[in-house]
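Visitor: My questions will all concern the structure given below.
The values are calculated or read from the model by the stated rules, or taken from the named source; none is laboratory data. All of these numbers come straight from a predicted model, not from anything done at the bench. All Cβ positions, even for glycine, are placed from backbone atoms using ideal geometry, and neighbour counts span all protein chains on display. Keep in mind that these areas ignore ligands, DNA and RNA; they rest on the heavy atoms of the full protein, side chains included. Shrake-Rupley method; radii C 1.70, N 1.55, O 1.52, S 1.80 Å.
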Amino acid sequence: MNGEYMAAEIREQPAVLARILREARSSMAEIGAAIKRRHPRFVLFVARGTSDHAALYGKYLVEIELGLPAGMASPSTMTVYDAHPRLRDVLVIAVSQSGSSPDLIEPVTRARAAGAITVAVTNAPGSPLARAAELSIDVLAGTEQAVAATKSYTAELLALYLLVDEIGGRHNGEVERLPDQAATIIGREGAIAALATRYRFAEQLVTTARGYNYATAQEAALKLMETTYLVAQAFSSADLAHGPMAIIDHGFPVIAVVPPGAGGAAFRPVLERLHALSADTLIIGDVEAADQGTVGLALPELRSESLSPILTILPLQQFAWHLARERGVDPDQPRGLQKETHTW
Ligand code: F6R
C-alpha cells in the first residue's frame with residue numbers, strides 16, 4: 001500500500017456529500033421532528049478522535065444556530081468513576097464512524113436509561129452504538145478502509161449540519177453547492193503537493209482557528225500526527241494567545257484556518273501577533289487572509305462560515321497525505337494504529 005486507500009477516500013468526498021443530500025433528508029426530518037417534540041434544554045456530545053472533532057463542530061452549531069448550551073461528555077466519569085449524571089431533558093448525540101468503542105456505548109446506554117434523548121450519528125448503522133441509542137443517523141460515507149478517517153469525517157459534519165438545520169427549522173440553500181465546491185477544492189491537489197515539500201523536515205507545528213473551524217484545526221493536527229508523525233498541536237486562536245503563544249518564534253510553523261465571516265475576523269489580531277513574531281504561517285481560507293501568510297491557500301468557494309469546515313479540511317487531508325509521502329511514510333499504515341480503536 002502507498003496511501004491508495006486514503007487518497008481514494010479523500011477524492012470520494014464530493015460523491016459522499018451528494019449522497020447525503022440526496023438520501024438522508026427524509027430520515028433527518030423525522031429525527032429532527034422527534035427531537036423538537038421533546039424540547040431538550042442542553043446538548044451533550046460523546047465522541048472520540050476524528051469524530052470528536054466532528055462533535056466539536058456540532059457543539060458550535062448547536063450553540064450558535066439553536067441557542068442551546070452544549071458540551072462534550074467525559075466518558076471516563078461514567079466508565080471509570082461510575083457516575084450517573086442526571087440527563088433528563090438532555091439531548092445526547094454520540095458521533096462515531098465505527099459505533100464500536102465501549103466508552104461511547106456506555107454513556108449512551110446510561111443517558112437513555114436516565115431519560116435523555118439519545119442519537120447515534122455513525123457510519124455503521126448496525127453497530128452496537130446505533131442500537132444503544134433511541135434514534136440513529138447513518139452518515140452514508142460507505143466503507144472506509146484507510147485508518148486515517150477522511151470521508152467519514154466530512155460525512156459526520158454534513159449530517160450534524162442537516163440535523164441542526166432540521167431542529168432549528170432554518171434551511172440554508174448553500175448546502176446544495178457543497179459537492180461541487182468540494183470537487184473544485186480537491187481538484188487543486190497539485191498546489192497542495194507543492195506546499196507539502198516545504199514542510200518535509202518540520203518536527204512540530206501548531207494548527208489554529210477560531211469558531212467553527214477550531215474543529216478543522218483539531219482534525220488537521222490529528223491527520224498530520226497519525227500520517228506524518230510530526231508533533232502537531234491544535235489551539236483555538238484565543239487559547240493560543242493565553243500562553244502557548246510563547247512557543248512561537250522566528251520561523252515556527254503555524255497552520256491557520258481563516259474563513260470569511262466572524263470567525264475569520266476574530267482571528268485577525270492573532271494573525272498580527274504571529275506576523276510580529278515572524279512565525280512561518282500557512283493560511284488556508286479567506287482569499288485576502290491567504291495573501292498575508294508566508295504561504296497561503298485561498299479557497300474562494302467558501303461562502304457560508306458555518307458550512308466552511310466541510311470544505312476547509314479537504315486541502316489539509318491532502319496536505320497530510322502528501323507530507324506523509326514526502327517523509328517516506330505510508331499514510332495507509334500509521335504505525336501502531338488500527339481502523340477501530342476501543343477504549344474503556
Ligand atoms: C483518526 C481516526 C480515529 C477515529 C477514532 C474514533 O483518523 O480514524 O481518531 O476517529 O478512533 O473512532 P470512532 O469514530 O470509530 O468512534
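Visitor: Quick check for you: with a 1.4 Å probe and neighbouring chains kept, what is the accessible area per residue of the range 165-240, in Å²? Mind dumping the intermediate values first?
Guide: Details: 3020 Å² over 76 residues.
It amounts to 40 Å² per residue over the range 165-240.
Visitor: Next question. Mind pulling the angle between the C-alpha long axis of helix 49-61 and the longest principal axis of the chain? Nearest 10 degrees, somewhere in 0 to 90.
Guide: In the chain, helix 49-61 runs at an angle near 80 degrees to the longest axis.
Visitor: Accessible area per residue for the range 88-145 in Å², computed with a 1.4 Å probe and the full protein assembly in place, what is it? Let's see the in-between values first.
Guide: Values: 1850 Å² over 58 residues.
Each residue of the range 88-145 exposes 32 Å² on average to a 1.4 Å probe.
Visitor: What does the charge count around GLU134 come to, taking other residues whose C-beta lies under 12 Å from its C-beta (Lys +1, Arg +1, Asp -1, Glu -1)? Walk me through the numbers on the way to the answer.
Guide: Working: positive: ARG38, ARG112, ARG131; negative: none.
Summing Lys and Arg as +1 and Asp and Glu as -1 gives +3.
Visitor: Give, in nm to one decimal, the length gained when the segment between TRP344 and ARG200 is fully stretched (0.36 nm per residue of separation minus the Cα-Cα distance).
Guide: Details: separation 144, 0.36 × 144 = 51.84 nm, distance 3.60 nm.
Extending this stretch completely gives an extra 48.2 nm.
Visitor: Let me ask something else about it. Measure nothing fancy, just the Cα-based angle from helix 189-198's long axis to the longest principal axis of the chain, in degrees from 0 to 90, nearest 10.
Guide: Value to nearest ten degrees: 60.
Visitor: If you don't mind, there's one more thing I want to ask. Under 24 Å between alpha carbons, and skipping anything fewer than 8 positions from LYS223 in its own chain: which lysines qualify?
Guide: Within the straight-line limit of under 24 Å, LYS223 reaches these lysines: LYS59, LYS151, LYS339.
Visitor: Which of GLN318, GLN13, GLN145 moves most in a GNM of the chain, Cα contacts under 10 Å?
Guide: Judging by the Gaussian network model, the answer is GLN145.
Visitor: On to the next question. For the pair LEU337 and ALA246, how long in nm is the line joining their label points, each one 7 Å along Cα→Cβ?
Guide: 3.0
Visitor: Need the C-alpha centroid separation for the range 65-117 versus the range 257-277, integer Å.
Guide: The distance from the Cα centre of the range 65-117 to that of the range 257-277 comes to 34 Å.
Visitor: Connecting C-alpha atoms closer than 10 Å in a GNM of the chain, tell me which of GLU156, GLU30, GLU174 has the biggest fluctuation.
Guide: With Cα springs under 10 Å in the chain, the top fluctuation among GLU156, GLU30, GLU174 is at GLU174.
Visitor: Something else: Quick one: give the max-minus-min coordinate of the C-alpha atoms of the range 133-244 along each principal axis, largest first, in Å.
Guide: That gives 46, 36, 29 Å along the principal axes, largest extent first.
Visitor: Using the Kirkwood radius built from alpha carbon pairs, what does the Stokes-Einstein equation give as D for the chain at 25 °C and 0.890 mPa s, in µm² per second?
Guide: Numbers: Rh = 20.2 Å.
Value of D from the Cα-based Kirkwood radius: 122 µm²/s.
Visitor: How would you rank 50-62, 160-172, highest first, on the average number of other Cβ atoms within 10 Å across their residues?
Guide: Values: 50-62: 25.2, 160-172: 18.8.
With the highest mean Cβ count within 10 Å placed first, the list reads 50-62, 160-172.
Visitor: For the chain, set up a Gaussian network in which alpha carbons nearer than 10 Å are linked by springs, and say which option among ALA83, ALA70, ALA149 fluctuates the most.
Guide: Greatest mean-square fluctuation among the candidates belongs to ALA83.
Visitor: If you don't mind, there's one more thing I want to ask. Determine which aspartates and glutamates satisfy two conditions relative to LYS36: a Cα distance under 13 Å, and not lying fewer than 8 residues away in the same chain.
Guide: ASP89, ASP165, GLU166
Visitor: Separate question: Excluding ARG112 itself, what net charge comes from residues whose Cβ is under 14 Å from its Cβ, given Lys and Arg +1 and Asp and Glu -1?
Guide: On the way: positive: ARG38, ARG86, ARG88, ARG110, ARG131; negative: ASP89, GLU106, GLU134.
Here the count lands on +2.
Visitor: Which value, in debye to the nearest 20, gives the size of the charge dipole of the range 193-344 about its Cα centre, when Lys and Arg are +1 and Asp and Glu are -1 at the Cβ?
Guide: Values: 11 positive and 16 negative charges, 29 e Å.
For the range 193-344, the charge dipole is close to 140 debye.
Visitor: Once you list every other residue whose beta carbon is under 12 Å from the beta carbon of ASP332, what net charge do they have if Lys and Arg are +1 and Asp and Glu are -1?
Guide: Around ASP332, the charge tally is -2.
Visitor: According to a simple spin-label model (label point 7 Å from Cα along Cα-to-Cβ), what is the distance in nm between GLU65 and ARG268?
Guide: Computed distance between label sites ARG268 and GLU65 equals 2.7 nm.
Visitor: To continue, here is another question. Ignoring any ligand, DNA or RNA, what whole percent of the accessible area of the chain comes from carbon and sulfur when the probe is 1.4 angstrom?
Guide: Details: 6840 of 13640 Å².
The value for the chain is 50 percent carbon and sulfur by accessible area.
Visitor: How many nm separate the modelled label positions at ALA8 and VAL231, each set 7 Å beyond the Cα in the direction of the Cβ?
Guide: So the two model labels end up 3.6 nm from each other.
Visitor: Something else: What shape does the range 1-70 have by the C-alpha gyration tensor, where a ≥ b ≥ c are the square roots of the eigenvalues, rounded means a/c under 1.5, and otherwise prolate means a/b greater than b/c and oblate the rest?
Guide: Working: a/c = 3.16, a/b = 1.66, b/c = 1.90.
It is oblate, given that a/c is not under 1.5 and a/b is not larger than b/c.
Visitor: Oh, and also: With the contact rule set at Cα under 8 Å and sequence spacing of 6 or more, what percent relative contact order holds for the range 211-290? Please list the in-between numbers first.
Guide: Values: 85 pairs, mean separation 24.9, N = 80.
Relative contact order for the range 211-290 comes out at 31 percent.
Visitor: Counting each DSSP H run of 4 or more residues in the chain as -39500 (n - 2.57), what helix-only mean residue ellipticity at 222 nm follows after dividing by all residues, to the nearest 500 deg cm²/dmol?
Guide: Working: 15 runs with 163 residues, N = 344.
-14500 deg cm²/dmol, from helical runs alone.
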